[in-house]
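Comments concern the structure below.
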Amino acid sequence: LSDSIGGSFSTSSHRCHHKQKHCLPIPECGTLSISPLLFHPHTKGSQIIMDTTQKVVKRQASFCNAITFSNRPIVIYEQIRLKITKKQCCWSGALRLGFTSKDPSRINPDTLPKYACPDLVSQSGFWAKALPEEFANEGNIIAFWVDKKGRVFYQVNDSAAMLFFSGVRTAEPLWALIDVYGLTRGVQLLDSELIPPDCLRPRSFTAIRRPSLRRDTEDTRLSVSLCDLNLQEDTFHVTATTCPIPQNSLNSQHSHLLPSQLESDLRFHHLRGPHVKILDDQTVARLEHVREERTLVFTSRPLRINETIFVKINKSNAVRTGTLSYGLTSCDPGTLRPSDLPYNPDSLLDRKEFWAICRVVVPLQSGDILGFMMNSDGELHLSHNGAGIGMQVCADCSQPLWMFFILHGAIIQIRLLGSTILAERLGLSTPSSPTSTPNSPTVLCTGVSGPLLSTCGSGPLFSSISGTAPNSPSSLPESPISPSVSGPWVDECTICYENMVDTVIYSCGHMCLCYSCGLKLKKMANACCPICRRAIKDIIKTYRST
């Protein structure tokens, strides 16, 4: 005999398998007296790293290729207990748990597919299903087991046992199948336990009642409370559904947009607007009110130089208009109170700290990934699904700068995926190769379609309008050229993109305007330099020697 992925069984071994059910009777409740349950040392996915005890595994990269098995057959009602040791929030989906009647020792590891669902479960002798994502948090203890009728149950920490799926053939030996998938990056096997039916103590084993169905609002998973099951009724059956394929496709797309290694220390700050809810270990921000005021969320720490922060649009509503706003501030959110967050974010610009607010100008939809990178020149660059959009704002990076986001319009939920220092992964513009075209502006006007003249100093794209911004240089810069330029002279005015740059802004010394735009800008209330946002005292026309 041979299994479905290249392994083989001897005839004698196969005959013994049919008797195995009777050779392992159900002992009393408590710890098993047989050998400890470990991970199989050899048959595992290519991304799995295992410690010497064979109890701890970790997926080293990607989101898949992390299928593992137990080192011995399990016993009916034996609880396989796992502790989630590592979570990586940039993926969709979580642990896949189940059983197989194929001996892992007879499976060639090179033939293992990327996914337990749907690849393995579509083959004979494999049964598995995805753990609900909300249970895949670090520190959670997941137990799952199969009963004599082939029904698989799971339990999270000390919660009630839930029916997972059914249809497992218990007449054959069964090995545990654990796919360290998606959000789940590391697990530890704890000591297994036997929990026969008389130890489960549900509310009633004899009362015949309609199963209680609970449908999660964000998923189509079906969960049935163990206490509501008539365990004596042989005819009860729940069809096991396979794991949704779109999760694999979505993760495959994201794997091309994200680096193989992401730092996961970045979270949302506990300070937030009252109309936003923070979920999933401070990594998800969700709009909780139909109104769009007071929806600010901050990063838990300042940005690092050359660090790229990845943000995923988890949910969007195509019916509503508007997009995601974001910005930088020198204000430590830990010094603020919820009452300090205004209904209108523009009011933040009147504070004494540095605040700059931008808006994503490209259309956004669920699943999109944004990248934000602050380089050593203080330029914040943006990318959308791997395509660089260009510099959005320039700030003094010698002081700590926190990012913040404002959920409104079509954007209902965002997730912090993590961060990395490898900015080149997304093709972001670097200081040595900036772009300065109308489609990739090197000024702050990312959220407006018209020229910068219509927003400078009074719109939401600028820092505090009262006095000089705290990050403005205290002396003339060494070079009057825009900090976004570290090479050839930029000829085009950064406002009109038509005329030549021929004007010096006093007193900061930057050269980024034509004389015509400079005159118009100077006449505006609270006029400020498009580069450093220092107040404009005067403009000086220059002439080049030919």
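The figures follow:
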quantity: S92 being of a type outside the set (A, V, I, L, M), in a loop (DSSP other than H, G, I, E, B) and closer than 24 Å to P173 by Cβ; calculated: no
quantity: Residue that is nearest to P259 (Cα to Cα) [pool: residues in the range 95-123 that are in a loop (DSSP other than H, G, I, E, B) and open to solvent by less than 10 Å² (accessible area, probe 1.4 Å)]; calculated: L95
quantity: Matching option when the condition is of a type outside the set (S, T, Y) and either outside the structural domain of C397 (by the TED database) or within 17 Å of the chain's Cα centre (by Cα) (or both), among V284, V319; calculated: V284
quantity: Enumeration of residues in the range 309-334 that are of a type in the set (S, T, Y) and closer than 26 Å to L349 by Cα; calculated: T321, T323, S325, Y326, T329, S330
quantity: Cβ pairs under 9 Å, 6+ apart, first in the range 373-399 and more than 20 Å from L416 (Cβ to Cβ) and without any contact (Cβ under 8 Å) to a residue 40 or more places away in the chain, second among the charged types (D, E, K, R) and part of a strand (DSSP E or B); calculated: none
quantity: Sole residue being at pLDDT below 90 and open to solvent by 60 Å² or more (accessible area, probe 1.4 Å), chosen from R304, R359; calculated: R359
quantity: Cross-chain or 6+ apart pairs with Cβ under 7 Å, the range 140-152 first and more than 23 Å from K83 (Cβ to Cβ), then part of a strand (DSSP E or B) and aliphatic (A, V, I, L, M); calculated: R151/L163
quantity: Residue check, L177 open to solvent by less than 40 Å² (accessible area, probe 1.4 Å) and at pLDDT 95 or above; calculated: yes
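The values are calculated or read from the model by the stated rules, or taken from the named source; none is laboratory data. Please read all numbers here as calculations on a predicted model, not as lab measurements. With ideal geometry, Cβ positions are generated from the backbone for all residues, glycine too; neighbour counts draw on all protein chains shown. Ligands, DNA and RNA are stripped out before the accessible areas are found, and what is left, the full protein with its side chains, is counted by its heavy atoms. Shrake-Rupley method; radii C 1.70, N 1.55, O 1.52, S 1.80 Å.
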